[in-house]
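The values are calculated or read from the model by the stated rules, or taken from the named source; none is laboratory data. Since the structure is predicted, the reported quantities are computational estimates derived from the model, not experimental observations. When we count neighbours, we look across all protein chains shown, and the Cβ atoms used for this are built from the backbone with ideal geometry, even at glycine. What goes into the accessible areas is simple: the full protein's heavy atoms, side chains included, and nothing from ligands, DNA or RNA. Shrake-Rupley method; radii C 1.70, N 1.55, O 1.52, S 1.80 Å.
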Amino acid sequence: MDTLDTPFSTLIRVASHEQHTEAETSTFMSDLLGGRLTVEAYARYTEQLWFVYRALEGSAGALRGDPVAGPFIRPELFRTAELQRDLAHLRGPDWRDGLHPLPATAAYAARVEECARTWPAGYVAHHYTRYLGDLSGGQIIRDKAERTWGFARKGDGVRFYVFEQITNPSAFKRGYRELLDAVNADDLERQRIIEECRRAFDFNGAVFRELGREFPLSAA
Ligand code: HEM
């Protein structure tokens, strides 16, 4: 691909395409989409997401004015409150007591926080990997979760996947890709963002592997 003429949003999508397929077809995701996981496994997964979004959103305020990451900080994307409601539903009001991340999740969250502190362009890579995915494939996961475990449509348990303030996800994604295309970074830095995006996918893959080991064929 001629990288000079290709929009950055296309470059980053194409560069992560293979890893996206790996994530989709990971044992844990295949079991989830195949309706083979217990609700316990789903709750454990939701807990991991809480640690990741706490890292993404706990640092968001400080990045709001940043010339590179600032334009991406959009409160309508924030997921922490929704995850907390889902966890209260899945685990009860004491969901936070004794909650620990899996080792892969801890490493993932630590890297997001490190980028937020020291390298805002790297934070953009993590932001893209999670939020654009949630707006896309997340909807397939929500539908499956509702049907497998009987959550109310778009209700408690799957609120993480519901972006109440984004009425037109396709238009939002188009706008997001425009932000990517205009990201305040030169070609070398854009290449580094793509590398960090690959790393973000690797972190997600590692979390899926650890979940897969904890819930091997957890037929409900
Ligand atoms: C079973 C799991 C998954 C399914 C079914 C799925 C499905 C999809 C679909 C259908 C799209 C295309 C949307 C479009 O063209 O507008 C998409 C995009 C995306 N997904 Fe996933 N996905 C899954 C898992 C993941 C995971 C684990 C990640 C990373 C954490 C991820 C990150 C992304 C990203 C970043 C995009 C946007 C690509 C772009 O247009 O730039 N997905 N996903």
Quick one: compute the contact order of the chain, relative version, from alpha carbon pairs under 8 angstrom and 6+ residues apart, as a percent.
39
Net lengthening on full extension, GLU195/LEU217 (0.36 nm per residue, minus Cα-Cα)
4.7 nm
In region 109-201 the accessible area split gives carbon plus sulfur, as whole percent at 1.4 Å, a share of 45
Sequence ranges 166-174, 47-55, ranked by mean other-Cβ count within 10 angstrom, highest first:
47-55, 166-174
Estimated FRET transfer efficiency (GLU18, ARG85; beta-carbon r; R0 35 Å; 0.05):
0.50
On a 0 to 90 degree scale, rounded to 10, what angle separates helix 138-149 from the longest Cα axis of the chain?
0
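Can you give me the accessible area per residue for region 105-169, using a 1.4 Å probe, in Å²?
Working: 2640 Å² over 65 residues.
Value for region 105-169: 41 Å² per residue.
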Based solely on its DSSP helices, what 222 nm [θ] is calculated for the chain when runs of n ≥ 4 H residues each add -39,500 (n - 2.57) and the sum is averaged over all residues, nearest 500 deg cm²/dmol?
-19500 deg cm²/dmol
Could the peptides 58-66, 199-207 be put in order, highest first, of the mean number of other beta-carbon atoms found within 10 Å of their residues?
199-207, 58-66
For region 71-220, just the Cα atoms, rotate onto the principal axes and tell me the three extents in Å, largest first.
49, 35, 27
What percentage of the solvent-accessible surface of region 1-91, computed with a 1.4 Å probe over protein heavy atoms, is contributed by carbon and sulfur atoms?
53
Helix axis angle, 103-118 relative to the chain longest principal axis, alpha carbon, degrees
30
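Could you give the dipole magnitude of region 69-186 about its Cα centre, charging the beta-carbon of Lys and Arg +1 and that of Asp and Glu -1, in debye to the nearest 20?
280
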Stretched out fully, how many nm does the piece from THR118 to ARG74 gain, at 0.36 nm a residue minus the Cα gap?
13.8 nm
